[in-house]
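See below for the structure under consideration.
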Amino acid sequence: MLRTSLYNQSQLLSRPFSVLAPLKATVKNGNKSVKAGKHAEAKVPKYEQLSEAQRAYLDRVIRVDQAGELGANYIYAGQIFVLSRKYPHLRPTLNHMRDQEIHHHNTFNALQIKNRVRPSLLTPFWKVGAIAMGMGTAMISPEAAMACTEAVETVIGGHYNAQLRVLTNQFDLEDVSSPENKKGTPQEVKSLIDTIKLFRDQELEHLDTAIKHDSRRAVPYKVITEGIKGICKIAIWSAERI
Amino acid sequence: MVMSSFTPLNKSLLRTTQFKCLRRLYHPASNEYVNPTTISPLTYSMDSIQSKILSHSLKEYVPTSGFNEKSILKSINDLGYSSSMMSVIGASNSPSFAHSSPAVLELIKYNLVSKRIELTKDTNDNTTTTLKELLLKRLEMDIPISSQLRGLFAQLATPGKFMFDVSLPELFQLADDMIFFSNEKDHHDMAWYSKRLAVSMAYVTSKMFMIQDTSNNFQMTMDFASDKVDRVMNLGEYYNNVEEYAWFTLMNSINLVKSQFSRM
Ligand SMILES: [Fe+2]
Ligand SMILES: [Fe+2]
């Protein structure tokens, strides 16, 4: 059903920095049961079980990121709704960023179903809050909308970096199939890391775009950015838990 | 898997346990890991002595004598173990005045968990199984113990630790499994919750229907359950069932407390 195709989709997102990556990927990430050759059989690692703490952590990562991308998507939707008629020149930029947010959101939606993660119970509030935030700032001025984007993406960038730190440091599992039980990270977790890295880079591009579009000239800049940063941090804290 | 080698994450985990009722675990979706030895929330493997005793008891004695220590003891004797196994079996449950004994609670837990695992063990990713099929299959699994369902219900729904730690989580887990392993559409928002509540509700009401059903082969229960699932899923009725469910739990708890006291 859906589940297998979604797994492949997230695999496609892993993009190591190398021209040869596509060639390597077919060997390394391809469907193991089909590709398994003479020597490949023995090389498929079997890791120890994820601990409860690790599973609880992954559960939170997927829930909070799904909620966050939902919010981002709705913020841009609110901005586009208010700005696109009066400032048509901003339309392509905003649409491009929103399209990326939709892709981010869909990716985490797929992971939420595949890994049986509970979505945030506060989902209705994230929708209403994000649309209000997008429309509200856009109604002040285009610069204020950009300041909102700047603040949101700053917090999200930091949030993704914090997750990447834990995911790369805390998911070294023993490979039971190797001779001296050497450690490694399961492909599943690696692919999540690659997804988050890619998204983090795109969020930081959004941040640059916002600054290029005069976010710093918004009035009142400090109030908007600091206020929104605070709201985002509270939202992240609650979406992880509730 | 030494938990203590995992300090930073353990700490962050502890911080979230304040919302215990909402706690869930990520399900790995790849075959990169060794198979688990135990099936959570059981603390022993399916081929352990505990499992052998409990499944034998469930098959041979529970249908006639019910969920009690006698059924377990007979099974222990059949398999030739010492009667001290009784306390080993009950080890993971704390005694409670409302329930018969920790070992009996374990028997009840085993009954729920093993049947839940059994229900979906043959399904795969490209499943065409419908939610209704799974629900009916689960109800059929309880036909052999149908005369014991009333007593089982009383134990499951007695308000207290067991109800919150085992009965309700198992019920939600069952609903979650039925949705995940069937071709039922799943959701990313509140419908995720309401659908699970609706399925739990359909299951529990069908089970209550079953207690009173005297029809041949429980045909009336099966009809009732099919009808319930159809209405709930096709009309999107599950959006409204949250309130209904809350009422149901409350009324049911009150009735069962009353019946507990009248037995004493
Ligand atoms: Fe995003
Ligand atoms: Fe973004």
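The values are calculated or read from the model by the stated rules, or taken from the named source; none is laboratory data. Nothing here was measured: the structure is a model prediction, and the numbers come from that model. In this analysis, Cβ positions are derived from the backbone assuming ideal geometry, glycine residues included, and neighbour counts consider all displayed protein chains. These accessible areas exclude ligands, DNA and RNA; they are computed on the full protein's heavy atoms, side chains included. Shrake-Rupley method; radii C 1.70, N 1.55, O 1.52, S 1.80 Å.
Could you tell me whether A:Glu143 is touching a helix residue (DSSP H, G or I) at 6+ places or on another chain (Cβ under 9 Å) and away from ligand 1 (no atom under 13 Å from the Cβ)?
yes
Restricting the first member to segment A:194-212 and to residues that are near ligand 1 (Cβ under 10 Å from one of its atoms), and the second to residues that are of a type in the set (Asp, Glu), the beta-carbon pairs closer than 7 Å and six or more apart or on different chains are A:Glu203/A:Glu153; A:His206/A:Glu153. For segment A:210-229, the set of residues classified as in a helix (DSSP H, G or I) and open to solvent by 30 Å² or more (accessible area, probe 1.4 Å) consists of A:Ile211, A:Lys212, A:Arg216, A:Arg217, A:Tyr221, A:Lys222, A:Val223, A:Glu226, A:Gly227, A:Lys229, listed by residue number. If the condition is being more than 14 Å from every other protein chain (Cβ to nearest Cβ) and closer than 21 Å to A:Gln66 by Cα, then segment A:178-194 contributes A:Ile193, A:Asp194. I'm checking my understanding of the structure. Among residues of segment A:124-154 that are surrounded by 19 or more Cβ atoms within 10 Å (Cβ to Cβ) and within 14 Å of another protein chain (Cβ to nearest Cβ), which one is farthest from A:Asp214 (Cα to Cα)? Ranking the qualifying residues of segment A:124-154, first place goes to A:Trp126. Against the numbered list (1) more than 12 Å from every other protein chain (Cβ to nearest Cβ); (2) at pLDDT 85 or above, B:Ile179 comes up short only at (1). Just one of the listed residues (A:Leu111, A:Leu121) is assigned to a helix (DSSP H, G or I) and either under 16 Å from A:Ala67 (Cβ atoms) or within 14 Å of another protein chain (Cβ to nearest Cβ) (or both), namely A:Leu111. Per the listing B:Leu42, B:Leu107, B:Leu73, the residue uniquely closer than 24 Å to A:Leu50 by Cβ and either touching a helix residue (DSSP H, G or I) at 6+ places or on another chain (Cβ under 6 Å) or open to solvent by 30 Å² or more (accessible area, probe 1.4 Å) (or both) is B:Leu42. Please verify whether A:Gly78 is at pLDDT below 90, out of contact with any Pro (no Cβ under 6 Å at 6 or more places or on another chain), farther than 23 Å from A:Phe171 by Cβ and within 16 Å of ligand 1 (Cβ to nearest atom), treating the condition exactly as stated. Yes, satisfied. Of the residues A:Asp194, A:Asp201, the single one that is modelled with pLDDT of 90 or more, under 12 Å from the mean Cα position of the chain (by Cα) and farther than 30 Å from A:Glu143 by Cβ is A:Asp194. The numbered conditions (1) touching a residue at least 24 places away in the same chain (Cβ under 8 Å); (2) crowded, with 18+ Cβ neighbours inside 10 Å are all true for B:Pro102 except (1). Within this structure, A:Leu94 passes the test of being in contact with a Leu (Cβ under 8 Å, 6 or more places away or on another chain) and free of Cβ contacts under 8 Å to residues at least 24 places away in the same chain. Consider A:Asp59 carefully, then state whether it is in contact with a Lys or Arg (Cβ under 6 Å, 6 or more places away or on another chain), open to solvent by less than 40 Å² (accessible area, probe 1.4 Å), among the charged types (D, E, K, R) and in a helix (DSSP H, G or I). Judged against the criteria, A:Asp59 is a match. State whether one or more residues within segment B:143-155 are among the β-branched types (Val, Ile, Thr), at pLDDT below 90 and either assigned to a helix (DSSP H, G or I) or out of contact with any Cys (no Cβ under 7 Å at 6 or more places or on another chain) (or both). Within segment B:143-155 (the criterion being among the β-branched types (Val, Ile, Thr), at pLDDT below 90 and either assigned to a helix (DSSP H, G or I) or out of contact with any Cys (no Cβ under 7 Å at 6 or more places or on another chain) (or both)), the answer is no, since none of the residues qualifies.
Which of the residues that make up segment A:155-164 are closer than 20 Å to A:Arg216 by Cα, open to solvent by 10 Å² or more (accessible area, probe 1.4 Å) and in contact with an Asp or Glu (Cβ under 9 Å, 6 or more places away or on another chain)?
The one that is closer than 20 Å to A:Arg216 by Cα, open to solvent by 10 Å² or more (accessible area, probe 1.4 Å) and in contact with an Asp or Glu (Cβ under 9 Å, 6 or more places away or on another chain): A:Ile156.
The condition of being among the polar types (S, T, N, Q), over 15 Å from A:Glu203 (Cα atoms) and open to solvent by 30 Å² or more (accessible area, probe 1.4 Å) holds for only one of A:Asn106, A:Asn115, that being A:Asn106. Determine whether segment A:154-168 contains at least one residue that is in a helix (DSSP H, G or I), within 14 Å of ligand 1 (Cβ to nearest atom) and of a type in the set (Gly, Ala, Ser). Yes: one or more hits. Looking across segment B:165-176, the residues that are open to solvent by 30 Å² or more (accessible area, probe 1.4 Å) and within 14 Å of another protein chain (Cβ to nearest Cβ) come down to B:Pro169, B:Phe172, B:Gln173. Contact map, segment A:128-156: residues that are more than 12 Å from ligand 2 (Cβ to nearest atom) paired with residues that are outside any helix (DSSP H, G or I) and open to solvent by less than 10 Å² (accessible area, probe 1.4 Å), Cβ distance under 6 Å, separation 6+ or inter-chain. Pairs shown: A:Glu143/A:Ala218; A:Ala144/A:Ala218; A:Ala147/A:Ala218.
Regarding A:Ile196, is this residue within 15 Å of ligand 2 (Cβ to nearest atom) and open to solvent by less than 20 Å² (accessible area, probe 1.4 Å)? Spell out how you get there, then give the answer.
Details: within 15 Å of ligand 2 (Cβ to nearest atom): yes; open to solvent by less than 20 Å² (accessible area, probe 1.4 Å): yes.
Yes.
Which residues, taken from segment A:67-97, are more than 14 Å from ligand 2 (Cβ to nearest atom) and either among the hydroxyl-bearing types (Ser, Thr, Tyr) or part of a helix (DSSP H, G or I) (or both)?
If the condition is that a residue be more than 14 Å from ligand 2 (Cβ to nearest atom) and either among the hydroxyl-bearing types (Ser, Thr, Tyr) or part of a helix (DSSP H, G or I) (or both), then A:Phe81, A:Val82, A:Leu83, A:Ser84, A:Tyr87, A:Pro88, A:His89, A:Leu90, A:Arg91, A:Pro92 are the ones that fit.
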